[in-house]
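In what follows, a single structure is set out as structure tokens and then discussed.
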Amino acid sequence: MRKTILSSILILLTFTILHAQKPTTPSSSEIFESIQKLNFLGSVLYVAAHPDDENTSLISYMSNHVKARTGYLAITRGDGGQNLIGPEISHLLGVIRTQELLAARRIDGGEQFFTRATDFGFSKDPEETLSIWNKEDLLSDVVLAIRKFKPDVIINRFDHRTPGTTHGHHTSSAMLSFEAFDLANDQSAFPDLLKIADVWQPKRIFYNTSPWAFGSPEEFEKADKTNLITFDTGIYYPLKGLSNNEVSSLASSQHLSQGFGRLTNRGSQNEYIEFLKGDALVNNETVFSGIDTSWNRVKGGKAIGDILYKVEHEFNFKDPSVHLADLMKAYQLLQTIEDDHWKTIKIKELKSIIEACAGLYLEASAETSSSTPNSKINVNIEALNRSNSPIELVSFSKTDGTTSLQNTLLKPNIKQNIKTDYTITDNEIYTTPYWLAEKGTLGMYKVDDKNLIGLPETPRQVSVDINLKINNSPITITKDVIYRFGKPDKGELYRPFEIIPEAAAKIPEKVIIFENDKQKNVEIIVKAGRDNLEGFVEINHPKDWSVSPEKQTVSIAFKDQEQRFIFTIIPPKNQSEGYINPIIHINDKIYTKERIEIDYDHIPYQTILEPSESKIVRLDIKKKGNNIAYIAGAGDVVPESLEHIGYHVQTINPENISADMLNTFDAVVIGIRAYNTIDELKFKQQLLFDFVEKGGNMIVQYNTNSRLKVDKLAPYDLKLSRDRVTDENAEVRFLEPNHPLLNYPNKITQEDFEGWTQERGLYYPGEWASEFTPILSMNDKGETPKDGSLLVAKYGKGYYIYTGLSFFREFPEGVSGAYRLFANMLSIGKEDIKQAENLKQ
């Protein structure tokens, strides 16, 4: 029985992922739950720092059990983490994690919001965090979120009173929320925001604590619980056939880029929130104690409530359409209430319920997934009334300003397909995440339009208003234009319709390393956004570099086709670096952006436009050894980066590792977090150690100290810690200045540690055997020296190296010193005679 239930949950999760982009068609039970939520006028805002910080159990409980409007304000989009499902990092990873949060909210019933803060990497204290984020701007964003959402209750994921005990982003999120609690109702605080939303005072603010916050469950039992509210979030929802913690697990499993796919939980599970300030609690029973959450809350709401409570009490699961007359009466009354906040929210909810009760299927689908400004597209409007209620299609209006009268009765279950043209005007804005439209700072995205701040994604511009009469009462339902298509192996699929430039160019290699002054050919790919694209492309480059030819002709017959060009890049004689970017000339317009497409099954298709450029680096670099085996971990571009400097790199499957295979390589490099993610390595570790003993080099990049898949990381004792150096400019001290790693074949100096990004490194070993030699020492401000960032040990004839230095971040940024140091790590112990012998094998 247990296996059957588990299989059902996994099937549901798979279905949710495969149909992440498909329009919803609610069942009767889902409609009933929506009506219950419609009749609850109360709201909760949960606040934390990153994607995956949110407590999906608590969000689901508030949304699905309490029926409150529940939002999650994530301070960042998670741009600074690792990606376990693909190559995207930094701001592109932030796009993925944004959509994963939205996917989670679709499951747990919450809404999603953000600030302009970037996840710039791990921070040890809020002082550092808020200096990089720009506290004043960020506080403004949090105040704006509160004024727009107007929560009765705020719940912080982290404790604002404990700086230095957790990630600085975590504590900062709580500090900002706690301060904004009062500022949101202060007219003198951020008065420019009053044009967008009026002041608002939440009733209470809480901290989502746990027994471990008190030291241990035993200490928690003895603690004063006067200010605690406890509730069981493991309750069962018969209408869903799922418990709250099962819903929570499905929601958190959407964070696939962080490896959060997991089995579901069931059974009783207590959550605790601590009252911080606001209106005093009444018997610690509920967060909404003393707050009217009925329709009586708004002036004129009683008449609406009388209708809607009756619908809820008498709901007909077999035929929800019998309630349409009452729902339309409530809809008409709702237009007249004075409270614009609740009117806007409840009109949106009620429209969805009316649409669902009528069995209406309304869709506006384009014949193509994208188009360019100053173009026309064909759109099919599908209208289907699957009830016996009288529904008239009066007209439809498009955001291009045109209206088409229909005055057609939608007969029961008779589909209407209406073809229409849609004009994309010349001034339409391209589809791309709004927070990436302009270059920001290390800590903050640049968003000039304050109306966009906080939104999870860019509002869609191409939509159709479908104007109906239901029971002779007018109602308008808006549908974004989408693209619907099918694939034999996946069935019916949906994509958002997007506006793209008529031309885009990219350079596949984002960093191009020149290990000497020899020229290299670089590929430029131009992609057409429309048919019959004609023009030319050239490359902008630094003055001390040369490019040949100067320009090449672009001629592409069909949209989405690509044309590839080869340009020769000639570096200067001496070390130098800069950027190249393609410039496309089409008629009198210039295009300089790359079109990036992100396509995963569990999130909607995403298009990002960003400046197309690549860093070019002329290095003075020497290396020994040639053939490198790479075992991929959580995802990085280290293999490609090593190939840029002349190594032959082969990514190998851990299952295929054998002694004979390893003998063909000079070194084996283990990808980041491989020992956290690859079970097979526990069976291959001894083979890798034997390879080192016979004369090979083994370089292991960082792993976390929890959930390791191997019993031994190294041939000698080695224990990981949580030590890290987050200041990318932290002083680097040479503990062994004469060691080969710092001298052969490249002389490493302090200059090689300039220009590092995001951090020095993470999860350094804290303890190691005497056979290891620590090479570097570094630390963040106010901390003791950390000597475990780079450890090397001779083992037999070869060398084992463990490093927590963040090469996986430095290589994509073209940090020359990182390349030079890694070349030394690969070259250690390699002599010319030995190298010649290896090349003969």
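Each value in this text was obtained by applying a stated rule to the coordinates, not by laboratory testing. The shown structure was predicted, so the numbers you read here are calculated from the model rather than taken from an experiment. We place every Cβ from the backbone using ideal geometry, glycine too, and count neighbours over all the protein chains shown.
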- Task: Can you tell me which of 646-658, 574-586 comes out highest on packing, and rank the rest after it, using the mean Cβ neighbours within 10 Å?
- Result: 574-586, 646-658
- Message: Between helix 168-183 and the chain, what is the angle of the helix's C-alpha long axis to the longest principal axis, kept within 0 to 90° and rounded to the nearest 10?
- Response: 30 degrees
- Task: Treating cross-link reach as a plain straight distance, find the lysines whose alpha-carbon is under 20 Å from the alpha-carbon of residue 830, omitting any fewer than eight places away in the same chain.
- Result: 622, 623, 624, 694, 747, 794, 797, 840
- Task: With a/c under 1.5 counting as rounded, go ahead and sort the range 503-618 into rounded, prolate or oblate using the C-alpha gyration tensor (a ≥ b ≥ c being the square roots of the eigenvalues; past the cut-off, prolate if a/b is larger than b/c, else oblate).
- Result: oblate
- Note on the structure: Relative contact order as a percentage, the range 40-281, C-alpha pairs under 8 Å and 6+ apart, gives 23 percent
- Note on the structure: Ranked output for segments 544-553, 699-708 by mean other Cβ atoms within 10 Å, highest leading, reads 699-708, 544-553
- Item | Stretch gain in nm, segment residue 317-residue 285, where the contour uses 0.36 nm per residue and the Cα spacing is subtracted | 8.3 nm
- Taking the Cβ-Cβ separation of residue 813 and residue 376 as r and a Förster radius of 41 Å, what is the calculated FRET efficiency to the nearest 0.05? 0.45
- Say a paramagnetic label sat at a point 7 Å from the Cα of residue 711, along Cα to Cβ; which residues of the range 666-694 have their backbone N under 19 Å from it? 675-691
- Provide the net charge surrounding residue 259, with neighbours chosen by a C-beta distance below 11 Å and charges set as Lys +1, Arg +1, Asp -1, Glu -1. +2
- Can you tell me the dipole magnitude for the range 769-818 around its Cα centre, using point charges on the Cβ only (Lys, Arg +1; Asp, Glu -1), in Debye to the nearest 20? 180 debye
- Among the aspartates and glutamates, which have Cα under 18 Å from the Cα of residue 450 when same-chain residues fewer than 8 positions away are ignored? 136, 137, 141, 192, 198, 438
- Item | Distant-in-sequence amide H partners of residue 272 (H built 1.01 Å from N, under 5 Å) | 209
- Message: Could you work out the relative contact order of the range 628-691? I mean the mean sequence separation of Cα pairs under 8 Å and 6+ apart, divided by the number of residues, in percent.
- Response: 47 percent
- Charge tally for neighbours of residue 364 with beta carbon under 12 Å away, counting Lys, Arg as +1 and Asp, Glu as -1, is 0
- Expressed in nm², what is the orientationally averaged projection area of the convex hull enclosing the Cα positions of the range 627-840? 10.8 nm²
- Task: Taking amide H positions as placed in the peptide plane 1.01 Å from N, state which residues far from residue 610 in sequence (5 or more) or on other chains have amide H under 5 Å from it.
- Result: 594, 596
- Query: What is the Cα centroid distance between the range 278-328 and the range 124-159, reported in whole angstrom?
  - Reply: 31 Å
- Note on the structure: Within the range 352-368, the residues whose backbone N lies under 12 Å from a label point placed 7 Å from the Cα of residue 419 along the Cα-to-Cβ direction are 367
- Estimated FRET transfer efficiency when R0 is 45 angstrom, pair residue 400-residue 736 (beta carbons, to 0.05): 0.05
- Segment residue 332-residue 203, length gained on full extension (0.36 nm per residue, minus Cα span): 43.4 nm
- Please tell me the relative contact order of the range 542-628 in percent, rounded to the nearest whole number, where contacts are Cα pairs under 8 Å and at least six residues apart. 27 percent
- Message: Lysine pairs in the range 40-281 with Cα distance under 19 Å, only those 8 or more apart or on different chains: how many are there?
- Response: 11
- 20 Å Cα-Cα threshold exceeded, pairs from 439/615; 543/593; 506/615; 343/446: 543/593; 343/446
- Item | Taking the C-alpha atoms of the chain, convex hull volume expressed per residue in Å³ | 194 Å³
- Can you work out the FRET efficiency for the pair residue 751 and residue 544, with r the C-beta to C-beta distance and R0 = 25 Å, to the nearest 0.05? 0.85
- Evaluate the charge dipole of the chain about its Cα centre and quote only its size in Debye, nearest 20, assuming +1 on the Cβ of each Lys and Arg and -1 on the Cβ of each Asp and Glu. 1480 debye
- Of the listed peptides 256-264, 815-823, what is their order by residue-averaged count of other C-beta atoms within 10 Å, with the highest listed first? 815-823, 256-264
- Extension gain residue 270-residue 310, at 0.36 nm per residue separation less the Cα-Cα distance, in nm? 11.1 nm
- Query: Out of 239, 216, 229, whose Cα points farthest toward the positive end of the dipole of the chain (charges: +1 Lys, Arg; -1 Asp, Glu; placed on Cβ)?
  - Reply: 239
- Note on the structure: Computed D for the range 358-499, Stokes-Einstein, Kirkwood radius over alpha-carbon pairs, 10 °C, 1.306 mPa s, to the nearest µm² per second, is 93 µm²/s
- Message: Just want the answer: with Cβ charges of +1 for Lys and Arg and -1 for Asp and Glu, which residue in 801, 621, 194 is farthest toward the dipole's positive end in the chain?
- Response: 194
